[in-house]
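Visitor: Starting off with a structure, shown below.
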Amino acid sequence: MVNQPRGPDGRWVKYKYGAGAMVAAGVVLAATSGIGGGTAASLDSAAGQALKGKSSSKKSAQKGRHSEAWQRLGWRQLKRTAKRELKCGPHSFGEAQRFFLRHPCVDLDRLIVTIDDGSGNTIAVSVAWVKMPKASEASELKRLIDKDGTGNVALLGEKEHGGRFTGENYDSRLRKKLVVIAESAPAAGRPSKATLETAVEIAVEFPAP
């Protein structure tokens, strides 16, 4: 994983370039540049809409409504492939693999989806759900993989570890015995950093298949 800053709860602190933050920055710039109040109000409204769309998308994701979650962002799911494994050791690398040799997982579900972002670009989003025997082991696993250079579960959509999903657009979530890992990468075109980050923020909310 890349060395991104993290908050007190251990979750990644994003680069602050999400859609809402970008628009909000535009509002500040407009105000300090002497741009008319009408333009600033319009940008402020756009920021509110962007935040509202992400919030509703996360709610759909938490209910397992994949297509609906992307549609709430104005995106479209093009392809979806899922796979289940009973062992994590053969499907991981680095320190994470050594962790699984000492602490075998219960099962591993992996998913990769291709998303049309509505702007002529496509994104690959890969998600893994790792179920551990104990909540303490799940917590230890999350702490490990959130660190830079410690390896990870082998995500669907990669021919070699870290070749496509580099950890730059990464998020993880812990829920009792379950660790959820999500990464995104451009599939075609030039999706923005904000788009790639939003994709993992939504994907990490999906429940295990």
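Visitor: Roughly speaking, what is the stretch gain from K147 to L78, that is 0.36 nm per residue apart minus the C-alpha to C-alpha distance, in nm to one decimal?
Guide: 21.7 nm
Visitor: Apply the Karplus curve 6.51 cos²θ - 1.76 cosθ + 1.60, θ = phi - 60°, to the phi angles in region 187-193 and return the couplings in whole Hz, x for Gly and Pro.
Guide: My calculation for region 187-193 gives 9, 7, x, 9, x, 6, 4 Hz in order.
Visitor: Just to be sure I understand the model, the point goes 7 Å from the Cα along the line to the Cβ. What's the resulting S119 to E168 distance in nm?
Guide: If labels sit at S119 and E168, their model points lie 1.5 nm apart.
Visitor: Just the number please: accessible area per residue for region 81-165, 1.4 Å probe, all protein chains included, in Å².
Guide: Per-residue value: 46 Å².
Visitor: Quickly work out the K52-to-V106 label distance, labels modelled 7 Å from Cα along the C-beta direction, and quote it in nm with one decimal.
Guide: In this crude spin-label approximation the distance works out to 4.0 nm.
Visitor: When the solvent-accessible surface of protein heavy atoms is calculated with a 1.4 angstrom probe, in what order do W75, W129 fall, highest first?
Guide: From most accessible down to least: W75, W129.
Visitor: Any chance you could look up the accessible area of R80 with a 1.4 Å probe, heavy atoms only, rounded to 10 Å²?
Guide: Rounded to the nearest 10, the figure is 120 Å².
Visitor: I've got another one for you. Lys/Arg Cβ at +1, Asp/Glu Cβ at -1, dipole of region 103-209 taken about the Cα centre: which of V106, A128, G157 is farthest positive-ward?
Guide: V106
Visitor: Leaving ligands and nucleic acids out of the surface, order E168, E197, E158 by accessible area at 1.4 Å, largest first.
Guide: Largest to smallest exposure gives the sequence E168, E158, E197.
Visitor: Can you give the extra length, in nm with one decimal, that the chain gains between K159 and R190 once fully stretched, where that is 0.36 nm per residue apart less the Cα-Cα distance?
Guide: 9.0 nm
Visitor: With a sphere of radius 12 Å drawn around the Cβ of I112, what net charge do the other residues whose Cβ falls strictly inside it have (Lys, Arg +1; Asp, Glu -1)?
Guide: Net local charge, I112 excluded: +2.
Visitor: How many nm separate the modelled label positions at Q71 and S136, each set 7 Å beyond the Cα in the direction of the Cβ?
Guide: Result: 4.6 nm between the two label points.
The values are calculated or read from the model by the stated rules, or taken from the named source; none is laboratory data. Just so we're clear, the structure is a prediction, and the values are computed from it rather than from any experiment. Glycine gets a Cβ as well: all are built from the backbone with ideal geometry, and neighbour counts include every protein chain shown. The area values use the complete protein model at the heavy-atom level, side chains included, leaving out ligands, DNA and RNA. Shrake-Rupley method; radii C 1.70, N 1.55, O 1.52, S 1.80 Å.
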